[in-house]
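Visitor: Following this message is one structure expressed as structure tokens.
The values are calculated or read from the model by the stated rules, or taken from the named source; none is laboratory data. Remember, it's a predicted structure, so these values are computed and weren't measured experimentally. Note that each Cβ is placed from the backbone with ideal geometry, even for glycine, and that neighbours are counted across all protein chains shown. Surface areas here come from the heavy atoms of the whole protein model, side chains and all, with no ligands, DNA or RNA. Shrake-Rupley method; radii C 1.70, N 1.55, O 1.52, S 1.80 Å.
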Amino acid sequence: MKFHTQSSRLIGLLVFAALLVTLSPASAQEEGASEGDSSEAAATETSQEEALDPNDPDYWAKTRDIFTVQKRPFQKQGRFAATVYTGIIPNNIFEQYFPAGVRLNYYVLENIGLELSGSYAFKVDTGLQDTIEEKDGVGAQQVLIGDTQVFHSNFGVVWSPFYGKTAFYNTVLNYFDLYLMGGAGLVITETQTDFNAETSADYKPEGVLGAGLAFYFGENASVRADFRQFVFQKTNGGGVANPSEVSLGFGWFF
């Protein structure tokens, strides 16, 4: 009986030792595999971090896969820009004007700039004056237009309170500004003070208010859409003229 009990204990010890020997290599393999996976993941993360430049403006966007409005790839502050443009001044029933001109800008700050502009207005007669003057019978009368616009020149301040960007399929980014403009200048008109008077050049002060939208491409090119509201005194104190100009231009930063 005593021999049987000792034999049972001996058999139990041998079985327990065999289990330990069997499980130990498997545990070592699992630990080695987990350590290998961790080291590979760490190496992958390290290589990705090394591939990204911390000085890149889009560093955090690339790291987090979140793309938001970033600083533009170029700056306006301290730079000059020249814009050639053409447009239309439509609010005259007797004459339509098609201005062509140049705008010169210097940006004191990123959102504040100075602007000097000048444009020549090409005139197209609408035919209404001839229709009125050639009317037969009662009611026929002459029309005195008074001022015909020839040239506008202005100096003012441009303020850009907002800027943003547009994306095309999340690949091509274009930046834009919304801006306001205010200033004063000189308008040259061809003036006829009376039906029998000769036409002469007249120089008048004028004020100007405006707004615009500019899209920027790369570090130098831009496309601008502008609205300008001019105000100047009509001939012989006959009220105030307020021609409105809508234009589209191409600009270049230096």
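Visitor: Taking the residues in the range 46-93 that are assigned to a loop (DSSP other than H, G, I, E, B), modelled with pLDDT of 60 or more and among the hydrophobic types (A, V, I, L, M, F, W, C) as candidates, determine which candidate is farthest from L248 (Cα to Cα). First the steps, then the outcome.
Guide: Within the range 46-93, the subset assigned to a loop (DSSP other than H, G, I, E, B) is 52-58, 65-79, 90-93.
Filter once more, keeping what is modelled with pLDDT of 60 or more: 52-58, 72-79, 90-93.
Filter again for among the hydrophobic types (A, V, I, L, M, F, W, C), leaving 52, 74, 93.
Details: L52: 40, F74: 22, I93: 23 Å.
Among those that are assigned to a loop (DSSP other than H, G, I, E, B), modelled with pLDDT of 60 or more and among the hydrophobic types (A, V, I, L, M, F, W, C), it is L52.
Visitor: Quickly run through the range 187-220 and pick out the residues that are small (G, A, S) and open to solvent by 20 Å² or more (accessible area, probe 1.4 Å).
Guide: Filtering the range 187-220 for residues small (G, A, S) gives 197, 200-201, 207, 210-212, 214, 218.
Correct list: A197, S200, A201, G207, A211, G218.
Visitor: Go through the residues of the range 171-183 one by one and say whether even a single one is modelled with pLDDT under 90 and among the charged types (D, E, K, R). Write out each step before concluding.
Guide: First, pick out the residues of the range 171-183 that are modelled with pLDDT under 90: 171-175.
Restricting the remaining residues to those that are among the charged types (D, E, K, R) gives none.
So far as the range 171-183 goes, no, none of its residues is modelled with pLDDT under 90 and among the charged types (D, E, K, R).
Visitor: If I filter the range 157-172 for residues that are closer than 19 Å to S119 by Cβ and either in a strand (DSSP E or B) or open to solvent by less than 20 Å² (accessible area, probe 1.4 Å) (or both), do I get at least one hit? Show your work before the answer.
Guide: First pass over the range 157-172, keeping only residues closer than 19 Å to S119 by Cβ: 157-158.
Those still in the list that are either in a strand (DSSP E or B) or open to solvent by less than 20 Å² (accessible area, probe 1.4 Å) (or both) too: 157-158.
Yes: the range 157-172 contains one or more residues that are closer than 19 Å to S119 by Cβ and either in a strand (DSSP E or B) or open to solvent by less than 20 Å² (accessible area, probe 1.4 Å) (or both).
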